[in-house]
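The values are calculated or read from the model by the stated rules, or taken from the named source; none is laboratory data. For clarity, every value in this text was computed on a predicted model and none was experimentally measured. Cβ sites come from the backbone with ideal geometry, for glycine too, and all protein chains shown count toward neighbours.
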Amino acid sequence: MEMAPRNDNKKMATITMELEDLENRVDQAQHKFNNISINIKREFQNFDLNRFAYFKQATTEYLELLLQIQLKVSEYCFL
């Protein structure tokens, strides 16, 4: 009869250790997830800034080209 409490204590100690190990693993996974989330947010911000800069440059070049064409058209119309 005395064997049962010892086995229960050993099982409880084993389960407690496993639980602590799993909790540590969950904490580590959460920390990694948070770091990855921060990196993804940074990358998206950089992407948005780069995309905006590219759009601005392309739009400016397009408008300058249209202006040149309009100037040429107006020269031909008033000759």
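The table below gives the values:
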| item | result |
| --- | --- |
| Among (1) among the charged types (D, E, K, R); (2) modelled with pLDDT of 95 or more; (3) within 21 Å of the chain's Cα centre (by Cα), the one test that Asp48 misses | (2) |
| Test: Leu19 is more than 35 Å from the chain's Cα centre (by Cα) and either part of a helix (DSSP H, G or I) or surrounded by 10 or more Cβ atoms within 10 Å (Cβ to Cβ) (or both) | no |
